[in-house]
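For reference, the structure discussed in these notes is given below.
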Amino acid sequence: MNVSEVGPAQETVRGFLLHVFHRNRGAKTILYGVGRLETGETFALAESRRQPTFFVRSSEADDVRAVSLRSGADLTPSQLTTMDGEPVERVAVPHLPQLRRVAERIHEAGLRTYEADVTFTRQYLIDHDVRGSLTITGAWRPGSGVDRVYLDPEIGPGNWEPELSVLSIDIETLPDASEVIAFSLVGGGAGDVRQVEEVHVVGTSDPGDPEYLSCHPSEHHLIEALVTRIRALDPDVLTGWNLIDFDLTVLQQRCAEHSIGFNLGRSSDDSWYQEGDVWGGSRVVVYGRQVLDALHLIRATLQRFDDYRLDTVARAILGRGKTVEAEPGEAMPDTLMQTYQTDRRAFCDYCLEDSRLVRDLLEKENLIPLSLRRGSLTGLSLERAWGSVAAFDFLYISQLHKRGMVAPTSGIDREQLGGSPGGLVMPTRAGLYRHVFVFDFKSLYPSIIRTFNIDPLSRLKAKALFPQRAQPGEPGMDGELIRAPNGARFHREPGILPQLLERFFVERAQARAEGDELAAFAYKIVMNSFYGVLATDSCRFAEEELASAITEFGHYLLRWTRDRLQDEGRGSVLYGDTDSLFIDAQLPNDTTASVAWEHGSQLHRWLNDMLAKHVAERFNLPCHLELELEKCYRFFFLPPMRGGTDQARAKGYAGLKVDAEGKEEVEIIGMEAVRRDWTDLAHYIQHDLLERVFQEVPGVELENRVLDWVDAVRSGEKDEDLVYRKALRKSVESYTSTVPPHVAAARLMDKPHGVIRYVITRDGPQPVERLTAPPDYDHYIEKQIRPIVQTIGQVCDFDVEIALGGTLDLFRSRGN
C-alpha cells in the first residue's frame, strides 16, 4: 500500500473492514485495516499511534515492575478495574513481540495479567466499538493496491452493510497434485466480478475452444495468470470447495517451485497458509481479502449429508452436480485426466461447473450474507464469523470495557471448570396415544439467562456477598440474590450477558417484523451459542457453576410444568426432552382437529400465565420464559426400547401431525426411517407401516402388508433399496482388530474413499460397483425389517412372527 501524492481534504465516510492485521516496523508495531467504502472504492488505514497493551492488578504492580524492569514496558495507572473490583495498571510496549515476552515473564513469576491474550487488532476494534462497519474521518491519499490510504484516521462504529464481490476458484492438478493443469474463476456478488466465468488450461489454443477458455504454454505461465487475474479482478472474498486445505495450499507450493510471489491480496505482502489444530481451523491469509471455504461454511450449517463432497452437497441443494463422473471401479482423478487428454471441451465444462456450483450453493443458502451479518453482530471477520468462543469474547469484553472493567487472561482467576448436566429427558411408557400437544420453551437457555440474570459478572458480585456455594436444591432467593438449583447465586443488578440477550431479542423481533429472516436467523444462532460457550474450557469466562445453573434451571422448569399439569388435572406429560414437552390432554377420541387446537391454545395461555406468576412469586423477577404450542398430533407413537421393555425409547418418536384445518402429515423423528445408517428398505417400510397404524388399519392387514414387503424382498423387487452407506474415516489398512462391513466392502475396491455404498451378499459385504454374489435376503429381513416390525408390534395388535414368516393362524385367512 504505497502512498503517492496527497489527495482530497479531510472527510468522513462509511465503510466496512474486511481485514485487520499488524506489522512490526522497526521498533513499533503498526495496525493496518483494509476494506471497502460506501462509494465502492477500496481503502486501507494505518494506525501508528497505538501501543500493544495488557493490564495487571495494581496490588501486584510493584512486583510486575521488578520482573519487567529492563524490558522497556511502561506501567501507568488506569481508570479500569478487574471484574472483582480491584484497580488495574496498564502495561504498554511499542513492539508486540516484546509485549508477549513481558507477559510470559509475569506469568512465570506467579503474577496475574488481564487481556494479555486479546490480540492487538481485536483490542483496537473493541476500543472503537467497530464490528465490521465503521466511519473513517481523516485525509487520504491514493494508494497502490487500494483506492485510498488513510494514515492515523479517526474511526468509529458504522451502520453500513456492503454487497461483497465474491470470486469462486477451482484448480485441477495431476492425480498426485504435483502440477496444476487448469483453473476456473466464476464471479458473484457486487461489481464487475459478477460477470466473470473463465477457464485457463495448460495447452495450445484450438479453433473449437469455447470463448471462456484461455490457454497457456506451461504451468509457470498458468500460475502467473491465476495470480494476476485474482489481483486484477480485485474481489472482496475468495471462495471454493476445500479451497484452504487443497487449492490454495497447492497453489502456494507451486508458486514457490516456480519462484512466483504468492500474493493474492491488496497489499505488497505474500499470502500464507496457517495450519489449524482441528479440522476446519486452517486458514489462508490474503491481505485485504477474506478467504471463505464453502466446504467449511456448509459444515457450519445444520444440514447433514451422506458426505461432504461437492457433488453430493450440490445435488442435494441445487439438484445438479459435477459434469464428469468416474466409471464403476475407476478413481475420479484418473477419469479426469483421461477427459483432459481426450475431450478438452468436456474437461473445461467440468472445471467451470465446479466453480459455478460453489457460487450457486453459497447464493442459494445465503452463506456470504449470513456470515456478514454474524460478523457484524459479533465483531469477528467473515472468515472467523462462525467461531462461538471468539464471538462471545468480543461481545463480553466490549461490554466490560463500557462498565470500566477488564477481562482476565485465559486461565487467570478461574475457579473450577467441569462438566454440566445435559438436557433433561423424561421418557415414559411406550405406546400409541391420541391428541398429543408439543410445547417448546422458546429459546430456553437464552431465556433462562435473561430471566435469572445468569452471568459471569453477576455471579462474582453475588460471591462477594456469599462466598460459600449453597447446597443444590429448590431454587429461590437468598436475601436479594437469585439461587439456582445447583446452588449458584447471582446478583440482581443486570448482568452483561442478560443485557446483550435483551438487545438481541428486541432486534431479532424487529428483523422478523420487517421480513428480514436472514438477520433474524443470525441473531438466533449467536444467542443459542452462549450456553455452549460457558461450558467450554476455551472460554475465559466459563465456569462449571454458570453452565450447570442454566441446564439445571432447564430441568427444574420441565419438572415444574409437568407437576402443574398433573396437579391441576389438565393433562400428563408423555415425554420431555431439554426444552420440549409432549402433553396428553386426555381429549375424547373423536375430537376434531379444530377443537383440539382450540384446547391446545387455551392450555398454552394457562401455562404461560402460571409460569409468569411462579417466577414473580418465587424469585421476584419478570419472566422472559415462554412456552410455544408447536404441534398437535392426532396420533403419537412412542417406540419401546430394544429388549422387550415397555419403557419408551429416548430421542425417537413418530406421529400424525394435524393442523387446525385438519391437514395431516406423518412425521418421524430420530427413528430408523430418517437415519442414514439404515437402508432405504428400512426407511420405506417404517414409513409405510406407521402411516397405516395412524389410519387405524386392523392388525391382520398390517401382517399382510409386512408379508408383501418380505415377498418383494425375496423376489428381488427391492434390490435397489438394500444399499448401506457408510463413510470411510481412515484407510482400510488401519483396521486390524475388527473389520466393519463397509471396510470389508472397501477392501474390494481399487481406490476406496468417501462414502462406501455396499450390499450384504451371500459372500459377505460387497461394494455396489463390484457385486459378484446375490443379496443375502435373510440378513435384510432379520436386520432391517424385523426390528421395525417388532417395534410397532409391541404397541399394535398383530403377530410379528406371522407377519415375518407367513405362518398363518388357524383362525385367520390372509386377505387379498
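Taken together, the criteria exclude Glu198 from residues that are outside any helix (DSSP H, G or I), at pLDDT below 95 and open to solvent by 20 Å² or more (accessible area, probe 1.4 Å). In this structure, Gly288 does satisfy being open to solvent by less than 20 Å² (accessible area, probe 1.4 Å), at positive phi, part of a loop (DSSP other than H, G, I, E, B) and not β-branched (Val, Ile, Thr).
With a requirement of 1 or more residues that are closer than 22 Å to Lys402 by Cβ, the helices (runs of 4 or more DSSP H) lying completely within region 42-145 that satisfy it span 120-127.
Apart from one condition, Glu60 fits all of (1) open to solvent by less than 40 Å² (accessible area, probe 1.4 Å); (2) more than 34 Å from the chain's Cα centre (by Cα); (3) closer than 18 Å to Asp152 by Cβ; the exception is (3). The residue of region 749-761 that is surrounded by the most Cβ atoms within 10 Å (Cβ to Cβ), among those that are within 18 Å of Gln784 (Cβ to Cβ) and out of contact with any Pro (no Cβ under 6 Å at 6 or more places or on another chain), is Ile756.
One line per residue, one yes/no per condition, for (1) in contact with a His (Cβ under 8 Å, 6 or more places away or on another chain); (2) free of Cβ contacts under 8 Å to residues at least 60 places away in the same chain; (3) surrounded by fewer than 22 Cβ atoms within 10 Å (Cβ to Cβ):
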| site | (1), (2), (3) |
| --- | --- |
| Ala547 | no, no, no |
| Pro588 | no, yes, yes |
| Ala593 | no, no, yes |
| Asn608 | no, yes, yes |
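Right, Glu628: open to solvent by 10 Å² or more (accessible area, probe 1.4 Å), closer than 30 Å to His491 by Cα and part of a strand (DSSP E or B) or not? Don't jump to the end; show me each part of the working.
Details: open to solvent by 10 Å² or more (accessible area, probe 1.4 Å): yes; closer than 30 Å to His491 by Cα: yes; part of a strand (DSSP E or B): yes.
So Glu628 fits the description; yes.
Of the numbered conditions (1) surrounded by fewer than 18 Cβ atoms within 10 Å (Cβ to Cβ); (2) out of contact with any strand residue (DSSP E or B) (no Cβ under 7 Å at 6 or more places or on another chain), Val250 satisfies every one except a single condition; which is it? Here Val250 meets the rest and fails (2).
Within region 163-182, is even one residue within 28 Å of Asp360 (Cβ to Cβ) and in contact with a His (Cβ under 9 Å, 6 or more places away or on another chain)? Even if it seems obvious, please write down each step before you answer.
Narrowing region 163-182 to residues within 28 Å of Asp360 (Cβ to Cβ): 163-175, 177, 180-182.
Now drop any that are not in contact with a His (Cβ under 9 Å, 6 or more places away or on another chain), which leaves 182.
Yes, region 163-182 has at least one match.
For beta carbons closer than 9 Å, sequence separation of 6+ or different chains, a first residue in region 756-768 that is over 14 Å from Tyr780 (Cβ atoms) and a second that is among the basic types (Lys, Arg) and surrounded by fewer than 21 Cβ atoms within 10 Å (Cβ to Cβ), the qualifying pairs are Ile756/Arg725; Ile756/Lys726; Arg757/Arg725; Arg757/Lys726; Pro767/Arg757; Val768/Arg757. Helices (runs of 4 or more DSSP H) fully within region 432-544 that include at least 3 residues being open to solvent by 40 Å² or more (accessible area, probe 1.4 Å) and of a type outside the set (Val, Ile, Thr): 456-465, 496-513, 517-534.
Given Ala294, Ala232, Ala300, Ala256, which one is touching a residue at least 40 places away in the same chain (Cβ under 8 Å), of a type in the set (Gly, Ala, Ser) and open to solvent by 10 Å² or more (accessible area, probe 1.4 Å)? Steps first, answer last, please.
On the way: Ala294 fails: open to solvent by 10 Å² or more (accessible area, probe 1.4 Å); Ala232 fails: touching a residue at least 40 places away in the same chain (Cβ under 8 Å); Ala256 fails: touching a residue at least 40 places away in the same chain (Cβ under 8 Å).
Residue meeting the stated conditions: Ala300.
Return the residues of region 259-272 that are open to solvent by 10 Å² or more (accessible area, probe 1.4 Å), within 16 Å of Gln290 (Cβ to Cβ) and in contact with a Phe, Trp or Tyr (Cβ under 7 Å, 6 or more places away or on another chain); say none if nothing qualifies. Scanning region 259-272 gives a single hit, Asp269.
Report whether or not Ile181 is outside any helix (DSSP H, G or I), within 33 Å of the chain's Cα centre (by Cα) and among the β-branched types (Val, Ile, Thr).
no
Of the residues examined, Ala390 is not one that is over 26 Å from the mean Cα position of the chain (by Cα) and in a helix (DSSP H, G or I).
Val324 passes every criterion in (1) under 22 Å from Ser371 (Cβ atoms); (2) modelled with pLDDT under 95 apart from (1).
The set of residues in region 84-99 being loosely packed, with under 15 Cβ neighbours inside 10 Å and either of a type in the set (Ser, Thr, Tyr) or out of contact with any strand residue (DSSP E or B) (no Cβ under 8 Å at 6 or more places or on another chain) (or both) consists of Asp84, Gly85.
Of the residues making up region 337-354, none is open to solvent by 30 Å² or more (accessible area, probe 1.4 Å), touching a residue at least 40 places away in the same chain (Cβ under 8 Å) and in a loop (DSSP other than H, G, I, E, B).
Looking only at region 593-610, decide whether some residue is modelled with pLDDT under 95 and not in a helix (DSSP H, G or I). Among the residues of region 593-610, not one is modelled with pLDDT under 95 and not in a helix (DSSP H, G or I), which makes the answer no. Considering region 11-41, and only residues there that are assigned to a strand (DSSP E or B) and of a type in the set (Val, Ile, Thr), the residue that is farthest from Asp269 (Cα to Cα) turns out to be Thr12. Only residues in region 209-223 that are touching a residue at least 12 places away in the same chain (Cβ under 8 Å) and of a type in the set (Gly, Ala, Ser) count as the first member; pair them with residues that are part of a helix (DSSP H, G or I) and surrounded by fewer than 18 Cβ atoms within 10 Å (Cβ to Cβ), Cβ under 9 angstrom, at least 6 apart or cross-chain, and list the lot. Short answer, once both residue conditions are applied: Ser214/Ala225.
I'm trying to understand the selection: among the residues of region 434-493, which are closer than 24 Å to Arg540 by Cβ, over 30 Å from the mean Cα position of the chain (by Cα) and charged (D, E, K, R)? If the condition is that a residue be closer than 24 Å to Arg540 by Cβ, over 30 Å from the mean Cα position of the chain (by Cα) and charged (D, E, K, R), then Lys461, Lys463, Arg469, Arg489, Glu493 are the ones that fit. The combined condition, being open to solvent by less than 50 Å² (accessible area, probe 1.4 Å), touching a His at 6+ places or on another chain (Cβ under 8 Å) and either closer than 14 Å to Arg254 by Cβ or among the aliphatic types (A, V, I, L, M) (or both), is not fulfilled by Ala190.
For region 223-245, a tally of residues being in a helix (DSSP H, G or I), out of contact with any Lys or Arg (no Cβ under 9 Å at 6 or more places or on another chain) and not β-branched (Val, Ile, Thr) returns 8.
The values are calculated or read from the model by the stated rules, or taken from the named source; none is laboratory data. Just so it is clear, the model here is predicted, and its values are computed rather than measured. Using ideal geometry, Cβ is built from the backbone for each residue, glycine included, and neighbour counts are taken over all protein chains shown. Heads up: the accessible areas ignore ligands, DNA and RNA and are worked out on the full protein's heavy atoms, side chains in. Shrake-Rupley method; radii C 1.70, N 1.55, O 1.52, S 1.80 Å.
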